[in-house]
Each structure stands twice: as structure tokens, then as C-alpha cells.
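The values are calculated or read from the model by the stated rules, or taken from the named source; none is laboratory data. Everything numeric here is computed off the predicted structure, so don't read it as measured data. Positions of Cβ are generated from backbone atoms using ideal geometry, with glycine treated the same way; all protein chains shown enter the neighbour counts. These area figures cover heavy atoms from the full protein model, side chains too; ligands, DNA and RNA do not enter into them. Shrake-Rupley method; radii C 1.70, N 1.55, O 1.52, S 1.80 Å.
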Amino acid sequence: MAIFSVPSPFVARIQEIMAFLNRQLQAVFSNGVRAQQSRLASNDVTFQTKPYKLHKLDDGPNTSVTLNREDALKFYREMQVIRRMESAAGNLYKEKKIRGFCHLYSGQEACAVGMKAAMTDGDAVITAYRCHGWTYMLGSTVTEVLSELTGRISGNVHGKGGSMHMYTKSFYGGNGIVGAQQPLGAGIALAMKYREQKNFCITLYGDGAANQGQLFEATNMAKLWDLPVVFVCENNGFGMGTTAERSSASTDYYTRGDYVPGIWVDGMDVLAVREATRWAKEYCNAGRGPLVFELATYRYHGHSMSDPGTSYRTRDEIQEVRKTRDPITGFKDRIITANLATEEELKNIDKEVRKEVDEALKTATSDGVLPPEALYTDIYHNTEKQVIRGATIDETVVQKYKNTAELLKENK
């Protein structure tokens, strides 16, 4: 077997090339590390939103928005909590552990999370009966929401309100009458103006309630008095089982305030919603009066749990929205691509959320219920104990406890 020797000049040249390539690789790696460190240091990434549509406005929210890592993880977690919490509520209803009405927010998570992100202390929200997600966002725990749905003591209002009547300090419900919250929202804003607060009230309603007469009465008064209120139409495409096109002569809901300026917003983009709400708060705080928002969104379930949601739309339509417009998966893809989060980090958040909801379910299905005498509590605020009429006119009861908190404290 012959052995060939390689000329030393050739070996030297190979070594030079290898050394050069090694230096280049080190430089690329070093630059990548510095770029990543710079990204982590600045912690901000810029995204573009869909263009906003404006009504009676010369300018509007910025379509170039920034997001940092902390907020990215926070928004993702909040949307996942609402999604999983609503899935749990749907299952409880199917198991007949929730009775009465139950309206789910699945698909609309970016609306609540985005608007809440722009709110400051003292701002208020009032909405319709699709309120579970908002109740969570404004201070209640998952346990309190799910327990309220099952009528347990640990519920948001100790099981007395159910799906449509939940409240927190800055959250005025949960209203069961279609459109009833619209003038109430104007009233909350009137109180803010009277007190000279630098706050605003977000008043939400659906496209089905956009044709209610009280909306036009409320927007008229709000404009006359320049109240700090944003009337927000969460347009999920259907009022109960009727498409917006069949129920409304004009489906440009952001223009329906007429003399009240309006903005159309992509309600499936949490960043677009946050930016628009931030802009609206500044507008209202400057004393410029009310606004009308239209958030273009979508609900995956029926109007309520008694509605299968497939008699007026196809399953293919729902799946297409899930694939192309879902607020959570769309946001997830954006923050991973922007290196604000890793797939592993988001998987860990998913596990934490699943555990949180599972723990809440245990309480919601095992906690006790209020005793019968609780029926006579929470009727009046700040009064002496009253004589309350019972089930018939001949049956009257003197209140033993003025409110549920007093009852629970004495019966620990």
C-alpha cells in the first residue's frame, strides 16, 4: 500500500483557511449574543397592526406598536386563562352543574385583555352578560368565577348572581337585559366628570344590542355633556342567531354614534386593542367627550350554551377563524418569532394555567351553598334591618343579617 505525503505548503494553506473560518464563526456567534443581549436589554419589539378605520377623526391610534417581554408573557397568560376557564364552564354546563344562562367569551379574549392593559386605577367597565372574562380581568379569581357559576359560597357574589351578575370594585357587571348597560355606562362617566377624575368608563355591548334605542339616547347625552365614556361594540358577527348583515341596515358600528367620533379596531389583535384603548383614554381625559369603538371579533361557541351555534353558520367557518384569526395562537406566533418568548416558556404557562383552572374546578364543585336566610340579605345598602316580604304577601321576614358577609362571619 502506497503512502502519499501532502506538501507542507498545502497543509499550511488549509490551516489558514480553517483558522479564518473559525474566526468568522466566532464573530457571528458573538454578534448574535450581543444582538440577543441588546434585545433583552431594550426589551421592546415593534409590531404593525391592521389600519384603524376612523369616523369624524383627523387622526387615530398608532399602527406601529411596541411590546416588551413582560407584557407579552402576561397577555398570553391572561388570554389562556380566559380560554381555559370558559372551556371549563362549558363542560360544567354540559354536566348540569351550571343552571340557567351561560354565555362564553371564547374567541374574544383579546378584547378584554387588550383594553384592561390600557386602563389605570379608577377606570371602570360595564358590560353585558358575556362577562366571565371581564370579571377575571378586573380582580376576581378563576375560583370565584367558576364557583359563582355553580352557585357556591366561594363565588364572586357568594353564588347569588350566577353567570350574568358578577362585580368587582371597578366592574359594574354583568347585565342581563340587552343594552341596559349602555345608559348606565354614561352615568358612571357622568360621576367621573362630576368628581373631576382623570378616568374613563368602557361601556361594552354586542352587535345585537347596537340597535337598542337606549344606546342612541346615551350617546346623545354623552356628547352633549362631553362625558369620558367609550361605547364599545364587540362585533362578533352574530346577535344571537342572526348575522349582523340581516339585523343592521348599517354594519359600520363605529360610525353609528353619528356625531360621536368612532374607530374600527381589529378585535383579534390584543396589541391593536391595547393601543386603541390607550389612545381613547387620552382622548377622554383631555375633555374631548365620548367615542364609539367597533372591535371586530368572533365567538367560537353559540350565543349561549343552549345554542349549538351551527344552525346559522358552518363548522368550516368556525374552524377557518380558529386557523387564521385566533387571538391566542396568532399572538403566540408573533412573540415567538420576535424572540420575546420561547415555545418552552409558553408550554410552561399552559401547564400553570391548566393547574390553576383544575384547582378552581375542585372548589367550584365541592364548596357549600348559602343557607336559606341568605335570600333576605344584600337587598339594601347601608340601612337598618328591614321587614322583607317572603314568597307570598302573607309571609314576611325581618332581616337577621343585612348582607351576606355579615351572615358568613357569624356562621363560621
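Tabulated values for the structure
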{"item": "Two-site label geometry, residue 339 and residue 355: point separation in nm, points 7 Å out along Cα→Cβ", "result": "3.0"}
{"item": "Share, in percent, of DSSP beta bridges within the chain that are antiparallel, nearest 5", "result": "40"}
{"item": "Exposure of residue 342 as accessible area (Å², to 10), given a probe of 1.4 Å and all protein chains", "result": "70"}
{"item": "Added length on full extension, which subtracts the Cα-Cα distance from 0.36 nm per residue, residue 323 to residue 58", "result": "91.9 nm"}
{"item": "Cβ-derived FRET efficiency at R0 22 Å, residue 249 paired with residue 315, nearest 0.05", "result": "0.15"}
{"item": "Whether the range 335-412 is rounded, prolate or oblate, judged on the alpha carbon gyration tensor where a/c under 1.5 counts as rounded", "result": "prolate"}
{"item": "Selection from 366, 277, 147 lying farthest towards where the dipole of the range 67-366 points positive, charges on Cβ", "result": "366"}
{"item": "Length-normalised contact order for the chain - Cα pairs under 8 Å, 6+ apart - percent", "result": "19"}
{"item": "Neighbour net charge for residue 249 - beta-carbon separation under 15 angstrom, K R +1, D E -1", "result": "-2"}
{"item": "For the chain, size of Cβ-based charge dipole, Lys and Arg +1, Asp and Glu -1, in debye", "result": "500"}
{"item": "Distance histogram in 10 Å bins (all Cα pairs of the range 106-216, percent per bin)", "result": "15, 44, 34, 7"}
{"item": "Relative packing of 391-402, 317-328, which averages over residues the other C-beta atoms within 10 Å, highest first", "result": "317-328, 391-402"}
{"item": "Kyte-Doolittle mean at least -0.5, axial Cα span of 27 Å or more - DSSP H helices of the chain", "result": "8-42"}
{"item": "Cα-based shape type of the range 67-366, given that a ≥ b ≥ c are square roots of the gyration tensor eigenvalues and the cut on a/c is 1.5", "result": "rounded"}
{"item": "Listed residues 272, 249, 128, most fluctuating in the chain (Gaussian network, C-alpha, under 10 Å)", "result": "249"}
{"item": "Largest-first ordering by accessible area, 1.4 Å probe, given options 132, 303", "result": "303, 132"}
{"item": "Accessible area in the full protein assembly, largest first, 1.4 Å probe, for 135, 383", "result": "383, 135"}
{"item": "Packing-based ranking, highest mean first, of 215-221, 347-353, 152-158 given that Cβ atoms within 10 Å are counted", "result": "152-158, 215-221, 347-353"}
{"item": "Ranked order, 253, 376 - accessible area, probe 1.4 Å, largest first", "result": "376, 253"}
{"item": "Value at 222 nm in deg cm²/dmol, rounded to 500, when DSSP H runs of n ≥ 4 in the chain each add -39,500 (n - 2.57)", "result": "-14000 deg cm²/dmol"}
